[in-house]
Amino acid sequence: MKVVSYVEVAIFARVLFGLLLRSNSLLTPIVYGIFLRSRYYQSPFTREAFKGIDSAILQALSHPQVGGAVPQATAYYNTLKTYLARAAGNLPAPTAPPASATAADTSSTPRASSANPAQ
């Protein structure tokens, strides 16, 4: 599944590149972007793929040769990430089980009674 998630991201990069070359319609990256966004929400492998690509880009931008040539490269990349996060929406916060459910679970456990009339 890890390979599949990286392939999905690579396909999206190819679709965007095809849009720039005008070999794809405008609708193709929009539809695939919606698909990839839903995969990001549903699949931890896709989230890990994006984190891996993000760390690789940040590592490449922190290289001294890149930093000397384009000192604002990291700032531009962070601005792009902020824009994309705002456009795609953030992940919903993980939900904790309700307090009443945890209290019900502890109260329903059988307890040994010392005063058992059947014995």
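Here are a few things to note about the model shown:
- Residues that are under 25 Å from residue 2 (Cα atoms), open to solvent by less than 80 Å² (accessible area, probe 1.4 Å), out of contact with any strand residue (DSSP E or B) (no Cβ under 9 Å at 6 or more places or on another chain) and at pLDDT 55 or above do not occur anywhere in the range 90-113.
- Here residue 38 does not fit the description of being open to solvent by less than 90 Å² (accessible area, probe 1.4 Å), at pLDDT 85 or above, assigned to a loop (DSSP other than H, G, I, E, B) and not β-branched (Val, Ile, Thr).
- As for the range 72-79, it holds no residue that is closer than 17 Å to residue 6 by Cβ and not β-branched (Val, Ile, Thr).
- Taking the range 41-65 as the range and being within 16 Å of the chain's Cα centre (by Cα), of a type outside the set (Phe, Trp, Tyr) and surrounded by fewer than 14 Cβ atoms within 10 Å (Cβ to Cβ) as the test, the residues that pass are 42, 44, 51, 54, 55, 56.
- Of all residues in the range 53-63, those satisfying the criterion of being free of Cβ contacts under 8 Å to residues at least 24 places away in the same chain and either in a helix (DSSP H, G or I) or of a type in the set (Gly, Ala, Ser) (or both) are 55, 56, 57, 58, 59, 60, 61, 62.
- Residue, farthest from residue 87 (Cα to Cα), within the range 3-35, restricted to residues that are among the aliphatic types (A, V, I, L, M) and open to solvent by 80 Å² or more (accessible area, probe 1.4 Å): 3
- The residues of the range 1-35 that are part of a helix (DSSP H, G or I) and charged (D, E, K, R), listed by number, are 2, 8, 14.
The values are calculated or read from the model by the stated rules, or taken from the named source; none is laboratory data. The model shown is predicted, which means the values in this text are computed figures rather than measured ones. FYI the Cβ positions are ideal-geometry reconstructions off the backbone, even for glycines, and counts take in every protein chain you see. SASA here: full protein model, heavy atoms, side chains in, ligands and nucleic acids out. Shrake-Rupley method; radii C 1.70, N 1.55, O 1.52, S 1.80 Å.
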